[in-house]
Amino acid sequence: MKRIGQAYNVYAVFIGMTSYETMGGKFRQSRITRIYCLLINAIFLTLLPSAFWKSAKLLSTADWMPSYMRVTPYIMCTINYAAIAYTLISRCYRDAMLMDLQRIVLEVNREMLRTGKKMNSLLRRMFFLKTFTLTYSCLSYILAVFIYQWKAQNWSNLCNGLLVNISLTILFVNTFFYFTSLWHIARGYDFVNQQLNEIVACQSMDLERKSKELRGLWALHRNLSYTARRINKHYGPQMLAMRFDYFIFSIINACIGTIYSTTDQEPSLEKIFGSLIYWVRSFDFFLNDYICDLVSEYQMQPKFFAPESSMSNELSSYLIYESSTRLDLLVCGLYRVNKRKWLQMVGSIVVHSSMLFQFHLVMRGGL
């Protein structure tokens, strides 16, 4: 997993998402990476408006695209550019969070190594699932340029498509940063829960050592909660932009994809490839909401111990502290991110996509 994180950090630096690179297990920033990221950000912000316009024009003039829906690619590309521009402009907040995250990751790793604790199997599976969806999405978007534009045999369109689709991977990498940040927080809370259960159950540990271990857990829990709130604060506006972009992407692509799939002039393999991109990206976004739910679940995991009369003062004080500490991961103070919110968003996407497709059916019948 460490190598996976390093590989994606290299790609994140390549597309200008961050100026910090991993060296010796720590994040380091050099003058070269700072200048490089500024140049890449300037190139994207300057060239993307024209590239998105050409891409939207190419899609809107496709033979299978209904004339009354040719404005939708322009809407989608405009929102894509706005989300990408905001993501690049807010790079300083992500870079600041990397240093805070590095400190808490090193602390959790050190404690897990000292106590011999293993990572939760659910967290391990989630990390690999997120890695798969991110890898598939990035590779598919780049490969899609050659699949859908090879017929044109136009180098200008090919380069334009590569610029657009590589820039779109910025949105995926941004959600990966958010996911891994909260994933490390969830891993820390899971360790705290495991260690607390072991301290209480261990009969051979003397009271002085138990008190010392509890104080260490208390400090770690406090640092985890502080970092989680900072992540939620700094990533909140970015995730709000990502959610709006994904919402519009899902509605428009569901309708356009349905129309595209009903045409007989396009190869079936291309239709399957496009639908897989859509569903994998949807699952990738679902994992972001799921990890938020998991962080809250681990942080609020109920503790079942001996009667209060047999508890030590340190344990009793710690449980009072933990029970009074609750994480409210609200995006910009608007809504709580969890699986239930994801299902509500999916329901809204289905409703709006159906309405858009019904509009297509009515217009087609009227022609």
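Every number in this text was worked out from the coordinates using simple rules, so none of it is lab data. Predicted model, so just to flag it, every value in this text is computed and none were measured. In this analysis, Cβ positions are derived from the backbone assuming ideal geometry, glycine residues included, and neighbour counts consider all displayed protein chains.
Relative to the compact-globule scaling 2.2 N^0.38 Å, provide the ratio for the alpha-carbon radius of gyration of the stretch 103-217. Before the final figure, lay out each step's value.
Values: Rg = 22.7 Å, N = 115, 2.2 N^0.38 = 13.4 Å.
Ratio of Rg to 2.2 N^0.38 Å for the stretch 103-217: 1.70.
When you count the other C-beta atoms within 10 angstrom of each residue and take the mean per peptide, 75-88, 170-183, 314-327 line up highest first as 170-183, 75-88, 314-327.
Remark: the Gln203-Trp53 segment gains 47.1 nm on full extension, using 0.36 nm per residue and subtracting the alpha carbon distance. At full extension, Ala62 and Val351 could sit 101.4 nm farther apart than now, given 0.36 nm per residue minus the alpha carbon distance. Distance from the Cα centre of the stretch 111-147 to that of the stretch 5-73, in angstrom? One Cα centre to the other: 21 Å. Do the sum for the chain: with -39,500 (n - 2.57) for every DSSP H run of n ≥ 4, divided by all residues, what is the mean residue ellipticity at 222 nm, to the nearest 500 deg cm²/dmol? Value at 222 nm, helices only, nearest 500: -28500 deg cm²/dmol.
Report the local net charge at Leu224: Lys and Arg +1, Asp and Glu -1, summed over other residues whose C-beta lies under 12 Å from its C-beta. With Lys, Arg at +1 and Asp, Glu at -1, the net is 0.
With a Förster radius of 30 Å applied to the C-beta separation of Met119 and Ala96, the computed FRET efficiency comes to 0.65.
The spacing between the stretch 243-278 and the stretch 150-211, judged by their C-alpha centroids, is 28 Å. Using the average count of surrounding beta-carbon atoms within 10 Å as a protection proxy, the listed peptides 21-34, 287-300, 156-169, 209-222 rank, highest first, as 287-300, 156-169, 209-222, 21-34. If the chain linking Leu276 and Phe359 were pulled fully straight, counting 0.36 nm for each residue of separation and taking away their Cα-Cα distance, it would gain 27.4 nm.
Placing +1 on each Lys and Arg Cβ and -1 on each Asp and Glu Cβ, with no other charges, gives the chain a dipole about its Cα centre of roughly 600 debye. Working ranking of peptides 342-350, 197-205 by packing, defined as the average number of other Cβ atoms within 10 Å per residue, highest first, is 342-350, 197-205. Look at the alpha carbon pairs under 8 Å that are at least 6 residues apart: their mean separation over the length of the chain gives a relative contact order of 20 percent. Computed from the Cβ-Cβ distance with R0 of 51 Å, the FRET efficiency linking Ile32 to Asn157 stands at 0.95.
Taking the Cβ of Ile104 as the center, what net charge do the other residues with Cβ under 14 Å away carry, scoring Lys and Arg +1 and Asp and Glu -1?
Net charge around Ile104: +3.
All alpha carbon pair distances within the stretch 3-77 were sorted into 10 Å bins beginning at 0; the resulting P(r) in whole percents reads 18, 31, 20, 20, 10, 1.
For a paramagnetic label modelled on Ser317 (point 7 Å from Cα along Cα→Cβ), amide N atoms under 18 Å away belong, within the stretch 213-228, to 213-223.
Summing +1 for each Lys or Arg and -1 for each Asp or Glu among the other residues whose beta-carbon sits under 13 angstrom from that of Gln29 gives +4. The phi torsions of the stretch 326-336, fed into the Karplus equation with coefficients 6.51, -1.76 and 1.60 and a -60° offset, translate into couplings of 10, 8, 10, 7, 8, 7, 6, x, 9, 7, 8 Hz, rounded to whole numbers, with Gly and Pro shown as x. Along the stretch 128-141 the Karplus relation, 6.51 cos²θ - 1.76 cosθ + 1.60 evaluated at θ = phi - 60°, assigns HN-Hα couplings of 5, 5, 5, 4, 5, 5, 5, 4, 4, 5, 5, 5, 5, 5 Hz to successive residues, with x for each Gly and Pro.
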